[in-house]
Each structure stands twice: as structure tokens, then as C-alpha cells.
Amino acid sequence: MKNTALTHVHEALGAKMVPFAGYNMPVQYEGVTVEHQTVREGVGVFDVSHMGEFLVEGPNALTLIQKVTSNDASKLNIGDAQYSCFPNDQNGIVDDLICYRVKEETYLLVVNASNIEKDWNWISKHNDGIGAELKDVSDNYSLLAIQGPKAIEAMQSLTSVNLAEIPFYKFKVADFAGVDHAIISATGYTGSGGFEIYVKNEQAEEVWNKVFEAGADWGIKPIGLAARDTLRLEMGYCLYGNDIDDTTSPIEAGLGWITKFTKNFVNSDNLKAQKEVGITRRLVAFEMTERGIPRQGYEIVDAEGNLIGSVTSGTMSPSLGKGIGLGYVNRPHTKSGTEIFIQVRKKQIPATIVKLPFYKG
């Protein structure tokens, strides 16, 4: 089990620690609901240093990225970030990621912790004959996600950059909390605004301490992975391993917006054909209309009890006070407003398909 540079800090704070993607990670401190509301209303900090980071550099960097990712990285200017995925050869997804253009010929790919080795092997395989310079720097960097509507004002004293002027999915390489060259990225997985800060491992604890000093007047709190999951689910953000995986296509998952057929990439012809012909199932969002909590793997049935899909993510929404979930449902049951039923043990509990996000802010 790996530790992050901050594991001992979480343990000292009394966090409940769990194994996650090969790392010893804090799942909660005070409790999921309290931590969830802290991010929705104030500012909270996640240690997400388990995420993977790959540098792709040199004159052939963009060629490789264009080949292995679904989105169009040629649109990126220096200082831009882009959500994307690695399609596989079987109409599925190797992983989802964020691509940062750091310099003219330097890109940073941030991937999921559980997929670091798989992703590295996939990219390396496709780099044969292209010759981009690849470096796996996952073990060198720490990542803090400082999230919530008060993040800008709480963190402004730590940097000379005007945080309010960094638009969503843009970033700056600048001073932050005494570190000269931190990446300050206006990205996140919560839907409540804020930043993700990349620093070297040896700088992480000092940055963490300064973040909490600066945020004290705004009620800043550490937040665990359990609240990260409820926050992302209220926005309908996909989680790799639940809502997307090696068997789900980006078209089925509602990720057509990051799948650009203006270029050729791995399996693009098949995915384009799938988009044109139409899909037989789609990832939908649903709200429970009676008491019940949907969980991953629960069956979704129609009014007659016929199996039409399965739940991929589900929880009791702290913001809405009702059960919410995502799941793949067969057509023609995918329209917003359709009534479906979730098989919770021996009961079939009604739910309604809704448009995302669940949480409107």
C-alpha cells in the first residue's frame, strides 16, 4: 500500500483511512454529510495525490496525444486544460483524463490512480513510430483539490496571481504558498468551483499547512474521498470503474462532446459509425421518487419487471435529500421523464430519468 506525502497528516487529523487504488487514503474526517456541505457552501481540501501524471514532450508530443485521446488537443493554447479519454480498440474506454498544455511542446496528462500502469503501457505502445518523449512523474507530485465557492477569496493571499481571473479549465504556472512554480488549475470534480494545485512531494506538507492557515477565517476543512464521490455524483460526473470502463463507449456514456471526429484517433472509425447508426443503451441519470438508495450493480427494470439496465453509481444526495444515481438503460427507455424501477433487494422502487446535473447550485 502506497502513502501520499500527506498520509501522516490525515492520520494525525483522525481521518478514517482506507485502501484506494493502491494508496492509503482518507475516506472521511467528520462525516460525509458535513464534508459535502462544507464544499457546497464554503471551502474544503482533498488530498488527491494518488492521481497519475505523465509528461508528453518534444516535437511529436501533439501527434501522440491526438492519436490516443478522443478530444482535439490541437485546440489547446498554453494555459488550457481539456477533459478527454483514451478510447480502446473495442469501443470502450481505457481511462478518462485531463490534458494540460504547459509549454509549446510540453503536455501534462493527469490520469486515474487505479489506471496508471495500464495507461502508461497503452500510451507507450502507441508511441512506437511516433517518438514523443514520455515521462511518468506520478510518484513525484502531490495534488490538492481546494474546492468550494469560497476557494478564491480564501486562497488569494497565497499567490500573486488573481485567482478570480483564471477561467474554468484554464491554469497558471505561478507562485502558490511559497512554491515558485506550482500549477494552479481552475478544474475540479465537485461542481462548486475552486482549484487543483500541483506541487512536488517535498513541498506538499508546507503547502497544506499554509492553505489551512489562509483558509481558517473561511471555515476550511479537510475532505475525504466519500464526500468527493457524493459531490461528483450530484453533478453527474463519470467515475472510471463505475460509469465508464473498458466496455463502455464514450458515445454511450454521453461523452460525445469530448469525442471529436475532426481527426483520426484510436478506434475513431468505429465510434463514428456507432454515433451515426445509433446506440442501443445510454448512461442516464435518475432520481428515486420513493425512499430508497440505489447502489452500483442494482438492476433497473421497467413497469412490467423486465430487465432494462443496471445502476453504475448511486447514493443518498446530501444536497437533495433523496436517492440519485447513474446507470445504463436500454433504448427506448432513456428519455428524460421516463419512469423506471430500481430493484432494491426484493422491492422495485420507482425512479424518474432526469437531466443532469442533479445539483443546480
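The values are calculated or read from the model by the stated rules, or taken from the named source; none is laboratory data. Because the structure is predicted, anything quoted here is derived from the model rather than measured. For neighbour counting, all protein chains shown are included, and Cβ atoms are generated from backbone atoms with ideal geometry for every residue, glycine included. The protein model used for the area step is the full one, side chains on, heavy atoms only, and it has no ligands, DNA or RNA in it. Shrake-Rupley method; radii C 1.70, N 1.55, O 1.52, S 1.80 Å.
With protein chains left intact and a 1.4 Å probe, residues in the stretch 225-351 average 46 Å² of accessible area per residue. The residues of the stretch 106-182 expose, per residue, 46 Å² of accessible area to a 1.4 Å probe. Each of T280, T248, T259 was placed along the dipole of the stretch 218-298 (beta-carbon charges, centred on the mean Cα), and the one lying farthest toward the positive end is T259.
Only bridges with both residues in the stretch 210-361 count here: give the DSSP antiparallel percent, nearest 5.
In the stretch 210-361, DSSP labels about 95 percent of beta bridges as antiparallel.
Beyond 21 Å between alpha-carbons counts as too far, so tell me which of K118/K275; K16/K346; K221/K360; K150/K221; K172/K200; K16/K210 fall in that bin. Let's see the in-between values first.
Details: K118/K275 27 Å; K16/K346 32 Å; K221/K360 23 Å; K150/K221 12 Å; K172/K200 16 Å; K16/K210 23 Å.
Going by Cα-Cα distance, K118/K275; K16/K346; K221/K360; K16/K210 fall outside the 21 Å limit.
Charge dipole of the stretch 60-150 (Cα centre as origin; +1 on each Lys and Arg Cβ, -1 on each Asp and Glu Cβ, all else neutral): 260 debye, rounded to the nearest 20.
Shown are E304, E196, whose ranking by accessible area with a 1.4 Å probe and every protein chain present, most to least, is E304, E196.
By the rule of a C-alpha distance below 16 Å, with chain neighbours fewer than 8 residues away ignored, the aspartates and glutamates paired with K260 are D72, D96, E252, D269, E276.
Rounded to the nearest 500, the helix-only mean residue ellipticity at 222 nm of the chain stands at -6000 deg cm²/dmol, with each DSSP H run of n ≥ 4 adding -39,500 (n - 2.57).
Karplus-derived 3J(HN,Hα) values for the stretch 276-289, using 6.51 cos²θ - 1.76 cosθ + 1.60 with θ = phi - 60°, are 6, 6, x, 10, 9, 8, 8, 6, 10, 9, 9, 10, 5, 9 Hz; glycine and proline are entered as x.
Ranked by accessible surface with a 1.4 Å probe, highest first, in what order do D229, D243 come? Could the numbers behind the result be given before it?
Working: D229 55, D243 0 Å².
Heavy-atom accessible area, descending, gives D229, D243.
Put a plus charge on the Cβ of each Lys and Arg, a minus charge on the Cβ of each Asp and Glu, and nothing anywhere else: the dipole of the chain about its Cα centre is then about 1160 debye.
What net charge do the residues around R282 carry, taking every other residue with its C-beta under 11 Å from that of R282, with Lys and Arg at +1 and Asp and Glu at -1?
Numbers: positive: R281, R331, K335; negative: E252.
Here the count lands on +2.
Here the calculated FRET efficiency for E105 and D175, from their Cβ-Cβ distance with R0 = 41 Å, stands at 0.95, rounded to the nearest 0.05.
Taking a probe of 1.4 angstrom, what is the accessible area of R295 in Å², to the nearest 10? Its heavy atoms expose roughly 110 Å² to the probe.
For the full complex of protein chains and a 1.4 angstrom probe, list H126, H333, H8, H36 by accessible area with the highest value first.
Numbers: H126 25, H333 50, H8 95, H36 0 Å².
Solvent-accessible surface, decreasing: H8, H333, H126, H36.
Taking only the Cα atoms of the stretch 282-361, the radius of gyration and Dmax are 11.2, 36 Å.
What is the dipole size for the stretch 163-261, taken about its Cα centre, with +1 at each Lys and Arg Cβ and -1 at each Asp and Glu Cβ, in debye to the nearest 20?
Working: 8 positive and 15 negative charges, 47 e Å.
The calculation lands at about 220 debye.
Mind running the shape call on the stretch 227-290? Use the C-alpha gyration tensor, a ≥ b ≥ c as the square roots of the eigenvalues: rounded below 1.5 for a/c, prolate if a/b tops b/c, oblate otherwise. It comes out prolate by the Cα gyration axes.
Counting only protein heavy atoms and using a 1.4 Å probe, what share of the accessible area of the stretch 242-289 belongs to carbon plus sulfur, as a whole percent?
Numbers: 1060 of 2220 Å².
Answer for the stretch 242-289 is 48 percent, counting heavy atoms of protein chains only.
Roughly how far apart, in whole Å, are the Cα centres of the stretch 170-223 and the stretch 284-348? The two parts, judged by their Cα centres, are 37 Å apart.
Based on the Cβ-Cβ distance from E57 to E202, what FRET efficiency comes out when R0 is 30 Å, to the nearest 0.05? Mind showing how you got there, number by number?
Values: r = 23 Å, r/R0 = 0.76.
Efficiency, from the Cβ-Cβ distance: 0.85.
Rounded to the nearest 0.05, the FRET efficiency derived from the C-beta distance between N209 and I78 at R0 = 35 Å is 0.70.
Among the protein heavy atoms, those of K125 account for about 110 Å² of accessible surface (1.4 Å probe, every chain in place).
Let me know the Kirkwood hydrodynamic radius for the stretch 166-265, please, with Cα pairs as the basis and the value in Å to one decimal.
Working: mean 1/r = 0.0614 Å⁻¹.
It works out to 16.3 Å.
In whole percent, and with a 1.4 Å probe on the protein chains, what portion of the accessible area of the stretch 18-127 is carbon and sulfur? Could you put the intermediate results ahead of the total?
Values: 1860 of 3640 Å².
Percent of accessible area from carbon and sulfur atoms in the stretch 18-127: 51.
Averaged over its residues, the stretch 1-65 has an accessible area of 38 Å² per residue, based on protein heavy atoms and a 1.4 Å probe. A 1.4 Å probe, protein heavy atoms only, puts the accessible area of K16 near 120 Å². Across the stretch 77-89, computed HN-Hα scalar couplings (Karplus, 6.51 cos²θ - 1.76 cosθ + 1.60, θ = phi - 60°) run 8, 4, x, 9, 10, 8, 7, 7, 9, 9, x, 9, 7 Hz from first to last residue, x flagging Gly and Pro.
Among DSSP bridges having both ends in the chain, what percentage is antiparallel? Round to the nearest 5. Around 95 percent of the beta bridges assigned by DSSP in the chain are antiparallel ones. Working from label points 7 Å from Cα in the Cα-to-Cβ sense, the K125 to E339 distance is 4.7 nm. Among H36, I308, S74, flag the residue with its Cα farthest along the positive direction of the charge dipole of the chain, charges on Cβ as +1 for Lys/Arg and -1 for Asp/Glu. Farthest along the dipole direction, towards plus: I308. Between H8 and Q156, the contour length at 0.36 nm per residue exceeds the alpha carbon distance by 50.6 nm.
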